[in-house]
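The structure appears below as structure tokens.
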Amino acid sequence: MADLPRSPATVLAEDALLGLLLPFWQVVIGLFVLFALVASVRMLARRGPSRMTTALLVTAAAIAGLAVIGVLLQQP
């Protein structure tokens, strides 16, 4: 069967459907990230304060590094 040309209305309908589904998938991905974050924090808290301090310092360094890279790569 030959491919029929798609009308603009069909393309708009597909875009609208994806637009409705996109926030749902963002919520699902966000829930998985939140679950992983809670599980890792719980594991770190069980290991003791020294590991927690190290983890916080590494996380802070990673955030600062990503912020610097973002500023340096930003278009003028």
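The values are calculated or read from the model by the stated rules, or taken from the named source; none is laboratory data. Worth saying up front: this structure is predicted, and the values here are computed from it rather than measured. Glycine also receives a Cβ, built like all others from the backbone with ideal geometry; neighbour counts cover every protein chain displayed. Surface accessibility is based on the protein's heavy atoms, side chains included, excluding ligands, DNA and RNA. Shrake-Rupley method; radii C 1.70, N 1.55, O 1.52, S 1.80 Å.
Note on Val27: accessible area is roughly 90 Å² with a 1.4 Å probe, heavy atoms of protein only.
Could you give the length gained by full extension between Arg42 and Ala62, i.e. 0.36 nm per residue of separation minus their alpha carbon distance, to one decimal place? Write down the numbers at each step before the final one.
On the way: separation 20, 0.36 × 20 = 7.20 nm, distance 2.02 nm.
Here the segment from Arg42 to Ala62 would lengthen by 5.2 nm.
Model label points for Leu72 and Arg51, set 7 angstrom from Cα along the Cα-to-Cβ axis, are 3.3 nm apart.
Could you put Ser40, Ser50 in order of accessible surface area, largest first, with the 1.4 Å probe and the full protein assembly present?
Values: Ser40 50, Ser50 85 Å².
If we order Ser40, Ser50 from most to least accessible, we get Ser50, Ser40.
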